[in-house]
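Since the structure comes first, as structure tokens, the remarks are kept for the end.
The values are calculated or read from the model by the stated rules, or taken from the named source; none is laboratory data. Remember, it's a predicted structure, so these values are computed and weren't measured experimentally. Please note: Cβ atoms are built from the backbone with ideal geometry, for glycine as well, and neighbour counts cover all protein chains shown.
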Amino acid sequence: MKPSRLFALVLALALLSGCGAPPPEVTPTPSPTPETVEASSTVFTLPRTTASLHPILSTDKVNVSLAGLIWEGLFELDRTFSPQPRLCQSYAVSADGLTWTFRLRTGVTFSDGSPLTATDVVSSLQLAQSPQSRFAGRLDDVTSISEQEGAVMLTLHTPNGALPALLDIPVVKAGSDEVPLGTGPYRLTETEGGAVLTARTDWWRNLNLPAETIPLVTIQAADDLISAFDTEDISLVTADLTGTCTLGFAGDHAVWDYPTTTMVYIGYNCKSGPCANAAIRRALDRAWDRNTVAVALYSRHAQAAALPLHPDCADYDDTLAQRRDYSPQVFTQLLEEAGCTQGEDGLWYQGRRPLSLTFVVNTDNTFRLSAAEYLADELTRSGVQVELQKLEWNEYQQALTAGSFDLYLGATTLSADFDPAPLLAAGGALNFGGYWNANTLTLLSAWQAASGAPRKTAAQALWSDLETQVPFSTLCFKNQSVLTQWGTVTGLTPTQQNPFYGIENWRFGS
């Protein structure tokens, strides 16, 4: 998107993860200086912290954002979440969908000039399976990773036709140190003058890079990052503008949004109460004004969606999504079909009892809270009695676990293959409403296993089933943002995993 000028920003440096406690107080420190003796002549600098830079093991958000400059994976996701081959030249899948063989691109070298091998890829993917990895859980369906005649073989215990979307995991040189070598466009050099990224002349993609060197600025604490960016000691930061634990940046900056897999949704109690009736859930699904949530309440830092898939994805079906659009008229019609009647007092009744719903929301995120307040008010105006319970994080979790709700407003970061199984499967980590339907699970398995054209067909069948059953209602997918000093750089096309995606198209301004 084109950048917009902002005079006051509220930035989130934490993902939507239920960060219940307020940010700790920190003592402001002096503005850092770029870690290079030639900083005064440099127009573009980036932050780093003293935490680990390892692209697989580090959980430091500032350092992780640098990964796309130094390391590459077998694939890289573009802005439509489609996997683009990088270190993978080609792949083949067995007839049962359980064995995948990836052949590596030739002529790829690490920054020390050594060639990429299947051993490097196997060890990197195995490390990604470890509990200490930030990718832990992504490869849970993989039973073995091995090398075979220079290729990499992955064996699954259940088919996943979207496996390449999960394989943007950085590949590091086997046996290298705490800051392992990578095959990416820049090499990291630690010198007495500080740390600097240097463009590789031997990068296998042979694309022009906008900067020969990028000095790194060491950030000690959150306030350090604010100070360094506001004083223009660093040129770029990544931010979740609608996140939970927020810090303030002041000034005039360019903002570049990018889509994410973070879904904001309404969950239903499918086991007890009014929402145990699928007909009631179908009616409520048409009561949610998704566009207002995304545009107004999330300040355009979200994209409205009616399916559990980002609208930019190939499997998103606009026709099916439009059938679930906000419509007060259809909402009224579906409530009547569910056996409800509207009294002279304007309230909806189930028999002699008013239709009354308990709606829970976590108070730690102001954007979600505002969305819940708006949606509850809309329901109330339509004649449904709503008790909106605004709960702190621990109480919110307890209510969900105990099933003490009819509705709840939630947010979750889906995997890159947009697998909704945690919301649908019995025992799923997010299936707080106790939903279970054999046909839904059959269609889910068919979609998970399919690839190519059959995957789109399988997706349509699954979305149609979810339209009927409505175990949850998707509201929108959040955007996150890259902030740059105004006029510093143009041409950014950041992605969820790599704010520097398409860096060869960047142009530096004055």
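Being within 30 Å of V384 (Cβ to Cβ) and either modelled with pLDDT of 95 or more or touching a Pro at 6+ places or on another chain (Cβ under 9 Å) (or both) is the filter here, so list the residues in the stretch 414-429 that pass it.
Within the stretch 414-429, L414, P420, P422, L423, L424, A425, G428, A429 qualify.
Exactly one of these conditions fails for L225: (1) farther than 22 Å from E504 by Cβ; (2) more than 26 Å from the chain's Cα centre (by Cα); (3) among the aliphatic types (A, V, I, L, M). Give me its number.
Failed condition: (2).
Exactly one of these conditions fails for Q389: (1) within 23 Å of the chain's Cα centre (by Cα); (2) assigned to a strand (DSSP E or B). Give me its number.
(1) is the only condition that Q389 fails.
Considering only the stretch 419-427, I want to know if a residue exists there that is in contact with a strand residue (DSSP E or B) (Cβ under 8 Å, 6 or more places away or on another chain), in contact (Cβ under 8 Å) with a residue 24 or more places away in the chain and crowded, with 19+ Cβ neighbours inside 10 Å.
Within the stretch 419-427, one or more residues are in contact with a strand residue (DSSP E or B) (Cβ under 8 Å, 6 or more places away or on another chain), in contact (Cβ under 8 Å) with a residue 24 or more places away in the chain and crowded, with 19+ Cβ neighbours inside 10 Å.
Give me the residue from the stretch 363-383 that is within 22 Å of V470 (Cβ to Cβ) and touching a residue at least 60 places away in the same chain (Cβ under 8 Å) and, out of that set, farthest from the chain's Cα centre (by Cα). Steps first, answer last, please.
Step one: list which residues in the stretch 363-383 are within 22 Å of V470 (Cβ to Cβ), which gives 368, 371-372, 374-383.
From what's left, touching a residue at least 60 places away in the same chain (Cβ under 8 Å): 368, 371, 374-375, 378-379, 382.
Working: R368: 16, A371: 19, Y374: 24, L375: 24, E378: 28, L379: 29, S382: 33 Å.
Among those that are within 22 Å of V470 (Cβ to Cβ) and touching a residue at least 60 places away in the same chain (Cβ under 8 Å), it is S382.
How do the strands (runs of 3 or more DSSP E) wholly within the stretch 49-163 filter down when requiring 2 or more residues that are out of contact with any Phe, Trp or Tyr (no Cβ under 9 Å at 6 or more places or on another chain) and modelled with pLDDT of 95 or more: which remain?
Per the criteria, 99-104, 142-148.
Which one is farthest from T260 (Cα to Cα), of the residues in the stretch 392-416 that are surrounded by fewer than 18 Cβ atoms within 10 Å (Cβ to Cβ) and of a type in the set (D, E)?
Ranking the qualifying residues of the stretch 392-416, first place goes to E395.
Output the residue which, of all residues in the stretch 476-499 that are of a type in the set (A, V, I, L, M, F, W, C) and either in contact with an Asp or Glu (Cβ under 6 Å, 6 or more places away or on another chain) or in a loop (DSSP other than H, G, I, E, B) (or both), is farthest from L407 (Cα to Cα). Walk me through it before giving the result.
Going through the stretch 476-499, the residues of a type in the set (A, V, I, L, M, F, W, C) turn out to be 476-477, 482-483, 486, 489, 492.
After this cut, where a residue has to be either in contact with an Asp or Glu (Cβ under 6 Å, 6 or more places away or on another chain) or in a loop (DSSP other than H, G, I, E, B) (or both) as well, the list is 486, 492.
Details: W486: 43, L492: 39 Å.
Ranking the candidates gives W486 first.
Could you please let me know if T440 is among the β-branched types (V, I, T), surrounded by 15 or more Cβ atoms within 10 Å (Cβ to Cβ) and either touching a helix residue (DSSP H, G or I) at 6+ places or on another chain (Cβ under 7 Å) or in the same structural domain as A304 (by TED's automatic domain parsing) (or both)?
The answer is yes for T440.
If you check S473, S445, which single one turns out to be in contact with a strand residue (DSSP E or B) (Cβ under 8 Å, 6 or more places away or on another chain), among the polar types (S, T, N, Q) and either assigned to a loop (DSSP other than H, G, I, E, B) or not assigned by TED's automatic domain parsing to the domain that holds A92 (or both)?
From the options S473, S445, the qualifying one is S473.
Answer with yes or no whether F508 is touching a residue at least 24 places away in the same chain (Cβ under 8 Å) and within 24 Å of T262 (Cβ to Cβ). Before you say what the answer is, go through the steps one by one.
Working: touching a residue at least 24 places away in the same chain (Cβ under 8 Å): yes; within 24 Å of T262 (Cβ to Cβ): no.
Taking the combined requirement at face value, the residue does not satisfy it.
E232 is checked against (1) surrounded by fewer than 15 Cβ atoms within 10 Å (Cβ to Cβ); (2) on the phi < 0 side of the Ramachandran plot; (3) modelled with pLDDT under 90 and fails just one. What number does that condition carry?
(2)
Please specify each residue of the stretch 299-327 satisfying the condition of being of a type outside the set (K, R) and either farther than 22 Å from A416 by Cα or part of a helix (DSSP H, G or I) (or both).
Matches in the stretch 299-327: S299, D318, T319, L320, A321, Q322, D325, Y326, S327.
In this structure, is N269 over 21 Å from D60 (Cα atoms), at pLDDT 95 or above and crowded, with 20+ Cβ neighbours inside 10 Å? First the steps, then the outcome.
Details: over 21 Å from D60 (Cα atoms): yes; at pLDDT 95 or above: yes; crowded, with 20+ Cβ neighbours inside 10 Å: yes.
So N269 fits the description; yes.
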